[in-house]
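Below you'll find the structure, written out as structure tokens, and then a few comments.
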Amino acid sequence: MINIRPHYRTVVLSDIHLGTSHSKVNQVSDFLSSVDCDRLILNGDIIDGWSLRKSGVRKWKAEHTRFFKILMKMMENCGTEIVYVRGNHDDFLDSLIPLQFANLSIVKDYILESNGKHYFVTHGDVFDKVTSGMKWLAKLGDIGYTLLLEMNSAYNRYRLKRGKPYYSLSQAVKQKVKQAVSYISDFETVLVEFARNRKCDGVICGHIHHPEDRMIDGIHYLNSGDWVETLSGLIEDENGEWKVVYYTDMIESEEMKGKESALSIIPVAS
């Protein structure tokens, strides 16, 4: 059975948070190793500078280096254009922006042209009143989020022992707590209005770890999710169609292909 690697016009990933203990770097590396694309947009919070400042290089591991080696192979072997959009956790890049080197660019934001449409690409932190205006409160919230993830890890180890699937506490909080739901809605509204004012047809962001693909008041709103909990990203196919993809769905699909391949070589009794 021939396994054909999928090819996409654009892949967008954000919020990988390399340098934190909760980053799913092996999974995102596996994902990138399994696809080809013309353009890869790394939409902020790829390297978690906040975490690395506190812990130093001891948090940098071999799997983080592997991630960047995969990026270099994509540029060298496939000619992939990589656009790294600065986020709030990798704000150490501010001194480099704008930077263009071969087919790698580091920018604050980006305009993506696709099938005659224009998308404003931003990590999104500058549209977050807490992150942009009250950085101390954002860092306090980051500590709380990290503690919630620690609780989530312990809870899911308990569930795993009992054969139960992964459950995200923070996603449940975002969906059920009124203030969190209102925060996400306000964030989306501000971004959509900004894209409209920039004469763009859509906006692509990250930051809030909440993958999304929908129309809001005539503007195409896309959020690339994260690689801490949802393990999600965005893909644009050859026809310019966008879709949210999940690593878990990809794994299930690969497992199904493996079963089909195994069945195809089982000899049929005569």
Handout entry: Members of region 204-253 found to be under 15 Å from Gln27 (Cβ atoms), among the acidic types (Asp, Glu) and in contact (Cβ under 8 Å) with a residue 24 or more places away in the chain, listed by number
Key = Asp226, Glu229
Problem - Residues (β-branched (Val, Ile, Thr) and farther than 17 Å from Leu18 by Cβ) located in region 206-240 - result: Ile208, Ile216, Ile219, Ile235
Exercise for the section: Give the residue, chosen from Phe127, Phe101, that is modelled with pLDDT of 60 or more and crowded, with 19+ Cβ neighbours inside 10 Å. Expected result: Phe127
Exercise for the section: Among the residues of region 53-74, count how many are assigned to a helix (DSSP H, G or I) and open to solvent by 40 Å² or more (accessible area, probe 1.4 Å). Expected result: 13
Practice task
Scan region 92-111 and report the pairs whose first residue is under 19 Å from Thr80 (Cα atoms) and aromatic (Phe, Trp, Tyr) and whose second residue is surrounded by 12 or more Cβ atoms within 10 Å (Cβ to Cβ) and modelled with pLDDT of 90 or more, with Cβ atoms within less than 6 Å and a gap of 6+ or a chain change.
Solution key: Tyr110/Val83; Tyr110/Val85; Tyr110/Val121
Handout entry: Checklist (1) open to solvent by 20 Å² or more (accessible area, probe 1.4 Å); (2) closer than 30 Å to Phe194 by Cβ applied to Gly79, failing item
Key = (2)
Problem - Residue match in region 109-120 (condition: among the β-branched types (Val, Ile, Thr) and in contact with a Phe, Trp or Tyr (Cβ under 7 Å, 6 or more places away or on another chain)) - result: yes
Practice task
Could you tell me which residue of region 12-24 is modelled with the lowest pLDDT, considering only residues that are outside any strand (DSSP E or B) and open to solvent by less than 10 Å² (accessible area, probe 1.4 Å)?
Solution key: Gly19
Problem - Residues (under 17 Å from the mean Cα position of the chain (by Cα), open to solvent by less than 20 Å² (accessible area, probe 1.4 Å) and more than 18 Å from Leu40 (Cβ to Cβ)) located in region 198-240 - result: Val203, Ile208, His209, Tyr221, Val228, Glu229
Problem - Lone unmet requirement of (1) open to solvent by 10 Å² or more (accessible area, probe 1.4 Å); (2) within 23 Å of His118 (Cα to Cα) for Ile41 - result: (1)
Practice task
Within region 104-124, work out how many residues are within 23 Å of Phe187 (Cβ to Cβ), among the polar types (S, T, N, Q) and open to solvent by 20 Å² or more (accessible area, probe 1.4 Å).
Solution key: 0
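The values are calculated or read from the model by the stated rules, or taken from the named source; none is laboratory data. The model shown is predicted, which means the values in this text are computed figures rather than measured ones. Backbone-built Cβ (ideal geometry, glycine too); neighbour counts: all protein chains shown. Ligands, DNA and RNA are excluded from the accessible area calculation, which covers all protein heavy atoms including side chains. Shrake-Rupley method; radii C 1.70, N 1.55, O 1.52, S 1.80 Å.
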